[in-house]
Amino acid sequence: MAARRTKLDGVLLTPGAGSGREHHTLVAIEKALAPLPVARVDFPYRRAGRRAPDRQPVLLQCVRDEVAAFAESHSLKPRNIALGGRSMGGRMCSIAVAEGTPAAGLVLISYPLHPPGRPEKLRTEHFPAIKVPCLFVSGDRDAFGTRDELESATRAIGGAVTHVWIERGSHALDRVDDQIVAAIAAWRRANFTG
């Protein structure tokens with residue numbers, strides 16, 4: 001029996017720690033998904049012109065607030081919005097969803113599984129609480145997690161997990177926006193209506 005497909009009415013994207021909402025990958029995703037509504041958002045520290053990320057509770061509250069604002073401004077149900085983004089931003093979205101923020105799915109680009117060189121410091125304790133479809137797009141040379149490490153860790157996720165590996169890709173995943181956009185399009189077709 002085929003899994004029931006969820007409606008997808010919008011996507012909310014967050015940046016990695018060192019960039020903002022204008023990151024080229026987020027912009028490329030928004031353009032490719034048009035006319036589907038897409039919100040690219042900045043975290044409070046970026047809006048304030050600071051370089052150091054806010055503490056996790058502030059980042060998570062930002063995700064929750066931005067989802068509510070996006071849903072209201074477009075008359076969408078939060079459960080029909082996919083959340084995600086690059087690195088830290090995607091991780092914060094995944095934690096928010098694990099803690100109960102409604103979402104249709106998660107788009108996680110360069111998920112920071114652990115700090116470089118510290119594979120024992122896994123950032124996965126929330127994975128078992130994630131029950132929505134997840135797309136992980138990662139480089140096969142990402143210092144934040146190897147292919148084996150990430151594929152092993154994501155077995156704990158309760159929702160369907162799709163991995164797309166970018167050949168010779170580092171954590172930055174530069175100059176591969178077309179591959180990232182194609183991965184998201186295929187994942188969308190496979191998991192959602194609308």
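Please treat every number below as a calculation from the coordinates, not as lab data. If you're wondering where the values come from, they're calculated on a predicted model, not measured in any experiment. When we count neighbours, we look across all protein chains shown, and the Cβ atoms used for this are built from the backbone with ideal geometry, even at glycine.
When we measure straight from the Cα of Lys121, which lysines land under 24 angstrom away, once same-chain ones fewer than 8 places off are left out?
Within reach: Lys131.
How high is the relative contact order of segment 7-193? Use alpha-carbon pairs under 8 Å, at least six apart in sequence, and give a whole percent.
Reported relative contact order: 20 percent.
Calculated from the structure, Rg/Rh (Cα atoms, Kirkwood Rh) equals which of (i) 0.93; (ii) 0.97; (iii) 1.09?
Answer by label: (i).
Per-residue counts of other Cβ atoms within 10 Å, averaged by peptide: what ranking do you get for 102-111, 33-42, 115-124, highest first?
Output ranking for 102-111, 33-42, 115-124: 102-111, 33-42, 115-124.
Given the DSSP H assignment, sum -39500 (n - 2.57) over each helix run of at least 4 residues in the chain and divide by its residue total; what's the result at 222 nm in deg cm²/dmol, nearest 500?
Calculated mean residue ellipticity at 222 nm is -10500 deg cm²/dmol.
Using +1 at the C-beta of Lys and Arg and -1 at the C-beta of Asp and Glu, which of Pro44, Gly18, Ala69 has the Cα lying farthest in the positive direction of the dipole of segment 1-73?
Farthest along the dipole direction, towards plus: Gly18.
Assigning unit charges at the beta carbon (Lys, Arg +1; Asp, Glu -1) and nothing else, what dipole magnitude in debye, to the nearest 20, does segment 46-124 show about its Cα centre?
Once rounded to the nearest 20, the dipole reads 320 debye.
Could you sort 168-177, 141-150, 8-17 so that the peptide with the highest average Cβ count within 10 Å comes first and the rest follow in order?
Packing order, densest peptide first, comes out as 8-17, 141-150, 168-177.
Treat every Asp and Glu Cβ in segment 7-193 as -1 and every Lys and Arg Cβ as +1, leave all other atoms uncharged, and give the resulting dipole magnitude about the Cα centre to the nearest 20 debye.
Charge dipole, segment 7-193, about its Cα centre: 200 debye, nearest 20.
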